[in-house]
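**Q** Quick one: this structure, given as C-alpha cells, is what I'll be asking you about.
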Amino acid sequence: KEGGRAWKVMHKCERYIYRKADGVMGQSNEILEHISSFPSSDKKFLYRHLQPYEVKTEYKERNKVLKIVYAGVLNSGQDMLALVKNVDFNRIGVEFHIYGGGTQQTEIEQYIKDNPDCKIFYYGFVSKERIVEELPKYDASIIPLAVRIRGAVPSKIYDILPSGMPVLFCGGGEGANIVEAWKVGYVSEPGDFITLSENIKKLNALSDEEYIELSKRCIQTAREELSFDKQMKNCIHFLEEIQ
C-alpha cells in the first residue's frame, strides 16, 4: 500500500539503486521518464522487447472480406469475452479470428456456439512458430488492454507490424502513443467498444490502394523503428559507454 511502512522501505531501495547505477535500461519511455524524476544516471537506454523477425515483403494485400486476428491470452487483463460480445463483426461485414487460451476460453467458445452467425472463429492454442506462419493470412490485429499498466507497452505491437498488418489498439499509455505517432493503425480506450467498432469500419472502408499504403507504413516502421539488429548494436554501444 502506497505510504505504508513496506512501501517506504522499497521506495528508498528504489531511489538508492537508481542513484548508484552507472546506466539505466527501460522497456518504455514512460519507465525512463519515471526514473528521471529521481536522482539517477543520465545514461539511459530504451530497450524494447523486439524479436528478430525478418521483414520479407514491401506490403501485403487485403482479403476480399477483411480478416482481423487476435493471438494471445484470453484472461481478464484483455477481456476478450467482453469484446466479442460487444462488437458486431457480422454487421460490420468482417471476420474475427482468435488464437490462444485462458480463463475466458470456455465462455468465448460457448458464445460462438450460441451465435453461429457472429463471424468469430476460435482455434485454440498454437505454437509461436505457427502463429508467425498464420499471421500473413490476416489483414489487421486487435491488441486489447482492459486496464492500463503504467510503463507497459504490449510487445504484440512489435510482433504484428513486421507482417504489414495495421493495429487496432484498445488501450492507453505509450502503446496508444506509438500507434498514433507512427500512424500504423487506430486507437480506442479500454472498453470503448463503440469507438473500436468505428475504427474497424474505417479500416474496412479503405480502398485497396489506401490499405496498401497503410501496410507499407507498418513495414517501414518495423524496419526503421523496430529493427532488432539496430537495437542490439545500439545496446552494445550503450554498455561500452558505461563501462
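**Q** Taking 0.36 nm per residue of sequence separation and subtracting the Cα-Cα distance, how much length would be gained by fully extending the chain between Lys43 and Lys233, in nm to one decimal? Present the calculation step by step, with values, prior to reporting the outcome.
**A** Details: separation 190, 0.36 × 190 = 68.40 nm, distance 1.62 nm.
Taking 0.36 nm per residue and subtracting the Cα distance, the gain is 66.8 nm.
**Q** Please identify the GluC sites (Glu not before Pro) of the range 1-40 that satisfy two criteria: DSSP loop assignment and at most 14 other Cβ atoms within 10 Å. Which are they?
**A** Of the GluC sites (Glu not before Pro), the ones in loops of the range 1-40 whose Cβ has at most 14 other Cβ atoms within 10 Å are Glu2.
**Q** Leaving out ligands, DNA and RNA, what percent of the accessible area of the range 30-107 is carbon and sulfur, probe 1.4 Å?
**A** 45 percent
**Q** Whole Å is fine, so just give me how far the alpha carbon centre of the range 119-165 lies from that of the range 43-84.
**A** 3 Å
**Q** Can you classify the range 16-75 as rounded, prolate or oblate using the Cα gyration tensor, where a ≥ b ≥ c are the square roots of its eigenvalues, rounded means a/c under 1.5, and otherwise it's prolate if a/b beats b/c and oblate if not?
**A** It is prolate, given that a/c is not under 1.5 and a/b is the larger ratio.
**Q** Give the Kirkwood hydrodynamic radius (Å, one decimal) of the range 52-109, defined as one over the mean of 1/r across all pairs of different Cα atoms.
**A** Mean inverse Cα-Cα distance, inverted, gives 13.3 Å.
**Q** Here's another thing I want to ask about it. What whole-number value in Å² describes the accessible area per residue of the chain for a 1.4 Å probe?
**A** Here the per-residue accessible area is 56 Å².
**Q** Give me the distance in nm between label points sitting 7 Å out from Cα along the Cα-to-Cβ direction at Ile149 and Glu213, one decimal.
**A** The answer from the label model is 3.6 nm.
**Q** Per residue and in Å³, how big is the convex hull formed by the alpha-carbon atoms of the range 1-46?
**A** Residue-normalised Cα hull volume stands at 73 Å³.
**Q** Sticking with the crude label model, points 7 Å out along Cα→Cβ, report the distance from Val132 to Asn90 in nm, one decimal please.
**A** 3.7 nm
**Q** Right, another one. Using 1/(1 + (r/R0)^6) with R0 = 25 angstrom and r between the beta carbons of Asp117 and Thr57, what's the FRET efficiency to the nearest 0.05?
**A** So, using R0 = 25 Å, E works out to roughly 0.15.
**Q** Taking 20 °C and 1.002 mPa s as the conditions, I'd like the Stokes-Einstein D for the range 157-243 in µm²/s, using the Kirkwood hydrodynamic radius from alpha carbon pairs.
**A** Numbers: Rh = 14.3 Å.
Result for D is 150 µm²/s.
**Q** Compute log10 of I(q)/I(0) for the chain with the Debye formula, placing one identical point scatterer on every Cα and leaving out solvent, at q = 0.11, 0.12, 0.13 Å⁻¹, to two decimals.
**A** The Debye formula, applied to the Cα set alone, gives -0.65, -0.76, -0.86.
**Q** I'd like the orientation of helix 105-114 relative to the chain: the angle between its Cα long axis and the longest Cα principal axis, in ° from 0 to 90, rounded to 10.
**A** Roughly 20 degrees, rounded to the nearest 10.
**Q** Rounded, prolate or oblate: which fits the range 72-205 when a ≥ b ≥ c are the square roots of the eigenvalues of the alpha-carbon gyration tensor, with rounded for a/c under 1.5 and prolate only if a/b beats b/c?
**A** Values: a/c = 1.32, a/b = 1.24, b/c = 1.06.
It comes out rounded by the Cα gyration axes.
**Q** Identify, among His11, Val94, Leu32, the residue whose Cα sits farthest towards the positive end of the charge dipole of the range 1-102, taking +1 on the Cβ of Lys and Arg and -1 on the Cβ of Asp and Glu, with the dipole about the Cα centre.
**A** His11
The values are calculated or read from the model by the stated rules, or taken from the named source; none is laboratory data. No experiment lies behind these values; they were computed from the predicted model shown. Note that each Cβ is placed from the backbone with ideal geometry, even for glycine, and that neighbours are counted across all protein chains shown. Protein only, heavy atoms only, side chains kept; ligands, DNA and RNA dropped before computing areas. Shrake-Rupley method; radii C 1.70, N 1.55, O 1.52, S 1.80 Å.
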